[in-house]
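K.L.:
Sharing a structure below in structure tokens format, with a few things to ask.
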Amino acid sequence: MTVSTTTTNELRALDKAHLWHPFTQMQGWCAPDHDPLIIARGEGAFLWDSEGNRYLDGNSSIWTNIHGHHHPVIDAAIRDQLEKMAHCSALGFTNEPAIRLAKALVDCFPADTLARVFFTDDGSTAMECACKMALQYWQLTGIPERHRFVAFDQAYHGDTAGAASLGGIGTFHERFQKTGFDVLHVPDVAALRELPPETVKTLAGIAIEPLIQGAAGMRLWPAGMLRELRDWCDETGVLLIFDEVMTGFGRTGKLFACQHEKVIPDFLALAKGLTGGYLPLAATLTHERIFSAFLGTIEEQKTFYYGHSYCANPLACAAALASLSLFETDHTLLSLGPKRVQLADSLSRHFGAHPNVSDIRQLGLIAAIDIVGENGEAFPWADLTGAKICLAARKHGILTRPVLDTLVFMPPMCVTETEIDQGISALARAVADLV
Ligand SMILES: *Cc1c(COP(=O)(O)O)cnc(C)c1O
């Protein structure tokens, strides 16, 4: 699978000539001294570049991969489905993998709770869909004045206009805040409780990344917060939207983050790990109570006019079914126990008393390490210290992407304990190279 150096260089030149990469300052990307890594192959928790170098996939290919790359069971499920059909529309038709996946997702929750599944393509559209359902629900039930949303400071819910307006990260979201939903940002539950009743009456829903805010730098919420939010929503009638796009499918140690506090939201958004990190697919789950408000004759105009060309794509649904089945056959969640312990141990051994580390956070198999200067001061943000450390880490055999100066370690869950220690040790060596 190794591509010759000439081919690699030709591909790099073509990339720089024609591609525009996400979340990337392309001036630096296209500069002569930058050699983009061309990833050519994956196996288990590892990726190989076009020149044959092997790396641990330290952030699960931006938080998507669950059971590893090139997994025989998921590969076979996609191939089997491909023999039959790659895609057909969910507008006016249905397909077996989508039906079976909807049933499998609903079965992850107590009976008669999240009983309806709407498929889209990405985390952003899963959130966009939840918000539009919430708005239309209030219109259909005669309370159209509930038209605003609450989201948290530092939140990240995706990049389509609506999802971005929920976002609370200045650099990403400020420019687009006025073009999406009407959103009120709050720092915490205490601030929520202080909202005047006349404001609360205008709220359609509240969105949160349960337990942990990913793009904010793996910020942990206090324990018990989900229960408090559920109670507040029950008191006020505001619909509760959980964005489990990152936390879903085992990342936090349970299949879903909401299960840690036994809280059922009114909408649940799933994406990234849904297909095991294979194909773009997302799902918005909701209650029958919400769904039934949309039922009526054509004249009543209650239809949810929303959808995408690839909704319920059979190949992606087949991959998702295979990924879900692996949780049972491979005892994925059970096997996380010792891996989480190993991760905690490796973090404290390599970074515990480190002069350049101000904080370490861990939840399940997600870890974050905040890097600072010797005297505890933050590096100037434009120095891109975190990014430089991650670049250096490649030489030590690990790929990951920081959030500013927070290093993220979040490998596929098939990673072994030895590989976890090697990964954390590689990050420690990269920090030593830089600071
Ligand atoms: C990644 C992410 C999204 C957006 O998902 P995309 O598939 O990138 O559109 C939304 N919410 C959270 C919590 C995420 O981590």
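The values are calculated or read from the model by the stated rules, or taken from the named source; none is laboratory data. Since the structure is predicted, the reported quantities are computational estimates derived from the model, not experimental observations. For neighbour counting, all protein chains shown are included, and Cβ atoms are generated from backbone atoms with ideal geometry for every residue, glycine included. Surface areas here come from the heavy atoms of the whole protein model, side chains and all, with no ligands, DNA or RNA. Shrake-Rupley method; radii C 1.70, N 1.55, O 1.52, S 1.80 Å.
K.L.:
Could you give each residue of the range 13-29 its phi-based ³J(HN,Hα) in whole Hz, using Karplus coefficients 6.51, -1.76, 1.60 with θ = phi - 60°, and x for Gly or Pro?
P.N.:
Along the range 13-29, the couplings run 5, 5, 4, 5, 6, 10, 8, 10, 8, x, 6, 10, 6, 6, 5, x, 4 Hz.
K.L.:
Ignoring ligands and nucleic acids, what accessible area does ASP330 show with a 1.4 Å probe (Å², nearest 10)?
P.N.:
80
K.L.:
Starting from the 7 Å offset along Cα-to-Cβ, what nm value, one decimal, do you get for the label separation of LYS395 and THR171?
P.N.:
2.4
K.L.:
Count the net charge of all other residues whose Cβ sits under 12 Å from the Cβ of VAL200, scoring Lys and Arg as +1 and Asp and Glu as -1.
P.N.:
With Lys, Arg at +1 and Asp, Glu at -1, the neighbours total 0.
K.L.:
Another question about this same structure. Could you look at the range 184-265 and say what percent of its accessible area is carbon and sulfur, using a 1.4 Å probe and all protein chains?
P.N.:
Carbon-and-sulfur percentage of accessible area, whole number: 55.
K.L.:
Sticking with this one: Round to the nearest 10 and report in Å² the accessible area of TYR137, as given by a 1.4 Å probe over the protein chains' heavy atoms.
P.N.:
Solvent-accessible area, nearest 10 Å²: 20 Å².
K.L.:
At 0.36 nm per residue, minus the direct Cα-Cα distance, what do ASP107 and ALA13 gain on full extension? Give it in nm, one decimal, please.
P.N.:
Full-extension gain reported as 29.0 nm.
K.L.:
Where does each of 421-430, 18-27 land if you order them by average Cβ count within 10 Å, highest first?
P.N.:
Ranking, from highest mean packing down: 421-430, 18-27.
K.L.:
Per DSSP H run of at least 4 residues, take -39500 (n - 2.57); add these up for the chain, divide by its residues and hand me the 222 nm value, nearest 500 deg cm²/dmol.
P.N.:
Value at 222 nm, helices only, nearest 500: -11500 deg cm²/dmol.
K.L.:
Compute the longest continuous run of the chain that contains no exposed GluC sites (Glu not before Pro); treat a site as exposed when its DSSP state is not H, G, I, E or B and it has at most 15 other Cβ atoms within 10 Å.
P.N.:
Between the exposed loop sites, the longest stretch runs 195-373.
K.L.:
Let me ask something else. Fully extended, how many nm does the chain gain between THR5 and ASP231 (0.36 nm per residue separation, minus their Cα-Cα distance)?
P.N.:
Full extension of this stretch gives 75.4 nm more.
K.L.:
Which loop trypsin sites (Lys or Arg not before Pro) in the range 152-218, with loop taken from DSSP, have no more than 15 other Cβ atoms within 10 angstrom of their Cβ?
P.N.:
Of the trypsin sites (Lys or Arg not before Pro), the ones in loops of the range 152-218 whose Cβ has at most 15 other Cβ atoms within 10 Å are LYS201.
K.L.:
For an R0 of 35 angstrom, estimate the FRET efficiency from the Cβ-Cβ distance between GLU51 and SER348 and round to the nearest 0.05.
P.N.:
0.50
K.L.:
So with the 1.4 Å probe, I'd like the accessible area per residue for the chain, rounded to whole Å².
P.N.:
Value for the chain: 45 Å² per residue.
K.L.:
Then there is this: With the dipole of the chain worked out from charges on the C-beta (+1 for Lys and Arg, -1 for Asp and Glu) around the Cα centre, which of LEU315, ALA432, VAL245 lies farthest toward the positive end?
P.N.:
Selected residue: LEU315.
K.L.:
Now, a different point. Express in whole angstrom the spacing between the alpha-carbon centres of the range 60-104 and the range 137-210.
P.N.:
Cα centres, the range 60-104 to the range 137-210: 32 Å.
K.L.:
Among the aspartates and glutamates, which fall within straight-line cross-link reach of LYS302, defined as a Cα-Cα distance under 16 Å, with same-chain neighbours fewer than 8 residues apart omitted?
P.N.:
GLU288
K.L.:
Okay, next question. How many nm is it between the label spots at THR297 and GLU417, if each spot is 7 Å from the Cα in line with the beta carbon?
P.N.:
6.7
K.L.:
Enumerate the lysines that LYS388 could reach by cross-link, defined here as Cα to Cα under 21 Å, with residues fewer than 8 away along the same chain left out.
P.N.:
Cα-Cα hits under 21 Å: LYS16.
K.L.:
Take every DSSP beta bridge whose two residues both sit in the chain, then give the antiparallel share in percent to the nearest 5.
P.N.:
65
K.L.:
Just to verify a number: FRET efficiency for GLN139 and ALA161, C-beta to C-beta distance, R0 = 25 Å, to 0.05?
P.N.:
Here the calculated transfer efficiency is 0.80.
K.L.:
Long-range amide H contacts for ALA45: which residues qualify at under 5 Å (H placed 1.01 Å from N, peptide plane, sequence gap of 5 or more or a different chain)?
P.N.:
Excluding prolines and chain starts, which carry no amide H, the hits are HIS69.
K.L.:
Here's something else I'd like to know. For the chain, what is the charge dipole size about the Cα centre, in debye to the nearest 20, if Lys and Arg each add +1 at the Cβ and Asp and Glu each add -1 at the Cβ?
P.N.:
Magnitude of the dipole: close to 300 debye.
K.L.:
Taking R0 as 22 Å, what FRET efficiency do you get between ARG289 and GLU328 from their Cβ-Cβ distance, rounded to the nearest 0.05?
P.N.:
0.15
K.L.:
Continuing with the same structure: Compare the peptides 247-257, 69-79 by average per-residue count of other Cβ atoms within 10 angstrom and give them in order, highest first.
P.N.:
Per-residue Cβ counts within 10 Å, averaged per peptide and sorted highest first, yield 247-257, 69-79.
K.L.:
Of the options GLY44, THR6, HIS34, report the single residue whose Cα projects farthest towards the positive end of the charge dipole of the range 1-114 (beta-carbon charges: Lys, Arg +1; Asp, Glu -1).
P.N.:
GLY44
K.L.:
Shifting gears a bit: Residues of the range 364-391 with backbone nitrogen within less than 15 Å of a virtual label 7 Å along the Cα-to-Cβ line of ARG429, please, listed as ranges.
P.N.:
Flagged as within label range: 390-391.
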